[in-house]
Amino acid sequence: MTESADYHIKPINQLLYLIAVIIGFVLIANLLAIAIIVLVYGKAVFYQLGNISPTSPQPIIDAVKITLALGTTIGMFLAPAIYFARYIMYDVDEYIKPDTGFNRLLLPLVFGIMLFSFPVMEMLVNINQQMVLPDFLKGVERWMRESEEETGRMIQSVLQLDSVGHFIISMLIVAVLPAIGEEFMFRGCLQTIFRQWTGNTHAAVWITAVIFSALHMQFFGFLPRLMLGALFGYMAAYSGSIWPGVFAHFINNGAAVIATYLYQNKKSNIDPNSDHIFNYPLYIISFIIILFLFWIFKNVASGKRNIPEY
């Protein structure tokens, strides 16, 4: 704390302050993004952003990338999280958890957990996509599927990776910035607020994971994102640092970018959009391995095991 130790804001008020900060930064960031798009590409490109598709002209795709990076990732997550922690709560260490003193053995464990999570995530996607709402909610289901398709078209547009330059830019926009910004916001600020509010780390992890998944507005991918949110949350809770979760988030998003690049450039036959890459035995094996690796992660993070010194 850089202020008096008596400085305290109730969790409900913290949440309201955080929402207000997010709204303010989102407005500023989106206005800035619009200004950049209009100045660089012209008004015509800005007016076509709502009709984005993989076949859209490159200027429109570039404008969408600016909107995602500045208006969403930075404006909604990264900047508000840092401002809230530093200037509202005066405690970056507590609300962002930027500590780099964690056991470095956690990083290969994170890599292993994320590597073996891909089959489990595919299984959850397949379960989620079978969701059918009751007849009286068919209108809601139709809206959810249309929203899912629209988001899918936008993602496919951003992931047009016909050159190394586009690959690097997409890695920055899809993997690097979201990994930092979303973890600072969700596992940093929000999870800390809910831990104080509920007095229970598990409750805080899962409440935050639900919000994390819901805000992505991809309803038929809710379960896998819920699982990812919980994994990232426990990584932050057990390690006391935001960076293992940031690394895990980066691996998850970055793997999708790499797989798409390899497939589009005919360096791989595996379609990253396929939901049937793995099989049921692999689902079970990968789930068991994830549990085992996470058990080791928890023990290492709590200091029960250390890296041997040679």
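Nothing in this text is a laboratory measurement; each read-out follows from the coordinates by a stated rule. If you're wondering where the values come from, they're calculated on a predicted model, not measured in any experiment. Here the Cβ is made from the backbone with ideal geometry for all residues, glycine too, and neighbour counts use every protein chain on show.
So the values come out like this:
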read-out: Prolate/oblate/rounded call for region 114-153, Cα gyration tensor, a/c under 1.5 rounded; value: oblate
read-out: Span-rule helices in the chain, defined as complete DSSP H runs reaching 27 Å or more along the axis (Cα) with Kyte mean at least 0.0; value: 11-41, 106-128, 243-264, 280-301
read-out: Most fluctuating residue given options T100, T208, T260, as computed from a GNM of the chain linking Cα atoms under 10 Å; value: T100
read-out: Lys pairs, the chain - Cα-Cα below 23 angstrom, 8 or more residues apart or on other chains; value: 4
read-out: Burial order of peptide ranges 89-95, 62-68, 227-233 (average beta-carbon count within 10 Å, highest first); value: 227-233, 62-68, 89-95
read-out: Expected 222 nm ellipticity per residue - DSSP helices of 4 or more, -39500 (n - 2.57), all of the chain, to 500; value: -20500 deg cm²/dmol
read-out: Rotationally averaged projected area of region 175-228 (alpha carbon convex hull; nm²); value: 3.6
read-out: Simple label model, 7 Å out from Cα along Cβ direction - L215 to I288, nm; value: 3.7
read-out: Relative contact order (%) - region 187-240, alpha-carbon pairs under 8 angstrom, separation at least six; value: 35
read-out: Karplus-derived 3J(HN,Hα), 6.51/-1.76/1.60, for each residue of region 161-175, Hz, glycine and proline x; value: 10, 8, 8, 5, x, 5, 4, 5, 4, 5, 4, 5, 6, 8, 10
read-out: Along each principal axis, Cα extent of the chain, largest first, Å; value: 53, 53, 49
